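Student: Structure below; questions to follow.
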Amino acid sequence: METGTFRVKAGLAEMLKGGVIMDVVTPEQAKVAEEAGAAAVMALERVPADIRRDGGVARMSDPNMIEGIQQAVTIPVMAKARIGHFAEAQVLQALEVDYIDESEVLTPADEAHHIDKHAFNVPFVCGATNLGEALRRIAEGAAMIRSKGEAGTGNVVEAVRHIRMIKGELRRLASLDPVELPTAAKELQAPLEIVREVAQNGKLPVVLFCAGGIATPADAALMMQLGAEGNFVGSGIFKSSDPERRARAIVEATTHFEDPERVAAASRELGEPMAGLEIGELDAPGGGGLLQNRGW
Amino acid sequence: MNRPTVGVLALQGDFEAHAKALADVGAEARTVRTREQLEGIDALVIPGGESTTMTLGVESEGLAEPLRDFVASGRPVLGTCAGLILLDRDHLGLLDVTARRNAFGRQLQSFEADVDLTGLGTLRGVFIRAPWIESVGDGVEVLAELDGHPIAVRQSNILAVAFHPELTDDRRVHRWVVTTNGGPPQ
């Protein structure tokens, strides 16, 4: 038996496709997510909206809290490590989480280097705002990519920008002549070998999910139609007025994203969505800044 | 069959990997998310994924009865990993086995291993948070075991495996879907 192969790591992301991965902060929320049809949960101490509000340094969650969630559900449990903080990742691997998110939602621990993800048997998902960033993460060993969006805002505009950017750059790469690929690799700041593979296949070698700002069933359907293979929903569910219904509705819209009548039915009577934030205000002086700019 | 149309249940999971594998063996793959989409297909694949998510999808879509009718029609049905779980006694009740979910452990214990499958020979099995089969009814033929646990079975027109043939380049299992009319693998 051979464990920790890339096929096994990337394979779990294949199994999550077409699904919704939900942020949860308690075992009770994890049960709600599982019963609503979540394909996995992300165990963390505070959802991004609260991390943004509270400020300070955001770190890996308490192992007790992660274990409580592992005991509460049978679906995969993911957890976040700070960018570059390989010791946090080692702890998460020791806890046997199913996926590690090297996440810009937490405060980066290394301003130059991401974690060497090849060194782990647990797979990693990483955020990206463009194709070059995605390919650098894959070169470091990421087995799944998610567009970053702008976490904790309930505003889907940045997620749309990032998925459009990644899909557009993929199309452009696929159209290039092979002799143009070394220059493309230079521009993308990504290894030529991976650039060649991606140009040939016209898609990333790993699963691509969307994250950051999804708050409604229609948001979920939008991201799927733009080419996401599944959705992460962070603050959007448990910061809304009726998490159970909203969780089910977002799962339904992610599955039936091509059927507007189904998305319409899922959108009815969900109560209040989370309050959203305007991206321009965050980016202005004193606005708290953008999480998506973390990572290199 | 002349270029058969094979449905892939696409409520959630690795249905695209199956669609690609089916295209490799000359089939036209069609995603199935509704009852209507079950009509007019020659065979069906229930993919890997999260069995809890897929079970909820089957319920909300009212797919249990149409799936039972499909199996009763004798057309080939392949289930992999969560697909096996969905077919078992505790779920759709179409396969007379009891599967134990995540029996091999969490993702850290996920693995690849060679599997000797009766009729097909040695295959590379990719096991991801995989189930094994705890008990098997009389009409079920065990085709492969690992560590003493059944991991591949056939019951008339259903072939169910605990691993993911769609994640390798070996197409022997998918060829079964399109060439054997639901008979023994060969």
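The values are calculated or read from the model by the stated rules, or taken from the named source; none is laboratory data. Everything quoted here is computed from the prediction, not taken from an experiment. Cβ atoms come from the backbone with ideal geometry, glycine included; neighbour counts cover every protein chain shown. Ligands, DNA and RNA are stripped out before the accessible areas are found, and what is left, the full protein with its side chains, is counted by its heavy atoms. Shrake-Rupley method; radii C 1.70, N 1.55, O 1.52, S 1.80 Å.
Student: Go through region B:59-90 residue by residue and tally those that are open to solvent by 60 Å² or more (accessible area, probe 1.4 Å), facing chain A (nearest Cβ under 10 Å) and not charged (D, E, K, R).
Tutor: 1
Student: Is it the case that B:Gly7 is in contact (Cβ under 8 Å) with a residue 24 or more places away in the chain, crowded, with 24+ Cβ neighbours inside 10 Å, more than 14 Å from every other protein chain (Cβ to nearest Cβ) and not in a helix (DSSP H, G or I)?
Tutor: On the way: in contact (Cβ under 8 Å) with a residue 24 or more places away in the chain: yes; crowded, with 24+ Cβ neighbours inside 10 Å: yes; more than 14 Å from every other protein chain (Cβ to nearest Cβ): yes; not in a helix (DSSP H, G or I): yes.
Yes: the conditions hold for B:Gly7.
Student: Among (1) free of Cβ contacts under 8 Å to residues at least 40 places away in the same chain; (2) part of a loop (DSSP other than H, G, I, E, B), where does A:Asn64 come up short?
Tutor: Condition not satisfied by A:Asn64: (2).
Student: Here's a check for you: in region A:68-116, which residue that is assigned to a helix (DSSP H, G or I) and in contact with a Pro (Cβ under 8 Å, 6 or more places away or on another chain) is farthest from A:Phe232 (Cα to Cα)?
Tutor: Among them, the one singled out is A:Val91.
Student: Counting residues that are surrounded by 22 or more Cβ atoms within 10 Å (Cβ to Cβ) and among the charged types (D, E, K, R), which helices (runs of 4 or more DSSP H) fully inside region A:204-296 reach at least 2? Walk me through it before giving the result.
Tutor: Values: elements: A:217-225, A:235-238, A:243-255, A:260-267, A:279-283.
Once the helices (runs of 4 or more DSSP H) in region A:204-296 are filtered for at least 2 residues that are surrounded by 22 or more Cβ atoms within 10 Å (Cβ to Cβ) and among the charged types (D, E, K, R), what remains is A:243-255.
Student: Moving on to the next point. Sort through A:Glu2, A:Glu14 and tell me the only one that's within 7 Å of chain B (Cβ to nearest Cβ), among the acidic types (Asp, Glu) and surrounded by fewer than 24 Cβ atoms within 10 Å (Cβ to Cβ). Lay out the reasoning, then the answer.
Tutor: On the way: A:Glu14 fails: surrounded by fewer than 24 Cβ atoms within 10 Å (Cβ to Cβ).
Just a single option satisfies the conditions, and that option is A:Glu2.
Student: Only residues that are outside any strand (DSSP E or B), in contact with a Gly (Cβ under 8 Å, 6 or more places away or on another chain) and either at positive phi or within 14 Å of chain B (Cβ to nearest Cβ) (or both): list them for region A:37-58, please.
Tutor: A:Gly37, A:Ala38, A:Ala39, A:Gly55
Student: Of everything in region B:91-117 that's within 13 Å of another protein chain (Cβ to nearest Cβ) and among the charged types (D, E, K, R), which residue is surrounded by the most Cβ atoms within 10 Å (Cβ to Cβ)? Give the derivation first.
Tutor: So the first thing to find is which residues in region B:91-117 are within 13 Å of another protein chain (Cβ to nearest Cβ), and the list is B:99-115.
Subsequent filtering for residues that are among the charged types (D, E, K, R) retains B:100-101, B:106, B:112, B:114.
Details: B:Arg100: 16, B:Arg101: 18, B:Arg106: 16, B:Glu112: 22, B:Asp114: 11.
Selected residue: B:Glu112.
Student: While we're here: Kindly indicate the residue of region A:59-91 that is of a type in the set (A, V, I, L, M, F, W, C), more than 10 Å from chain B (Cβ to nearest Cβ) and under 17 Å from the mean Cα position of the chain (by Cα) and also nearest to B:Gly49 (Cα to Cα) among those meeting that condition.
Tutor: Just the residues of region A:59-91 that are of a type in the set (A, V, I, L, M, F, W, C), to begin with: A:60, A:65-66, A:69, A:72-73, A:75, A:77-79, A:81, A:83, A:86-87, A:89, A:91.
When the remaining residues are screened for being more than 10 Å from chain B (Cβ to nearest Cβ), the result is A:60, A:65-66, A:69, A:72, A:79, A:81, A:83, A:86-87, A:89, A:91.
Retained after the next criterion (residues that are under 17 Å from the mean Cα position of the chain (by Cα)): A:60, A:79, A:81, A:83, A:89.
Details: A:Met60: 27, A:Ala79: 20, A:Ala81: 25, A:Ile83: 28, A:Ala89: 25 Å.
The residue in question is A:Ala79.
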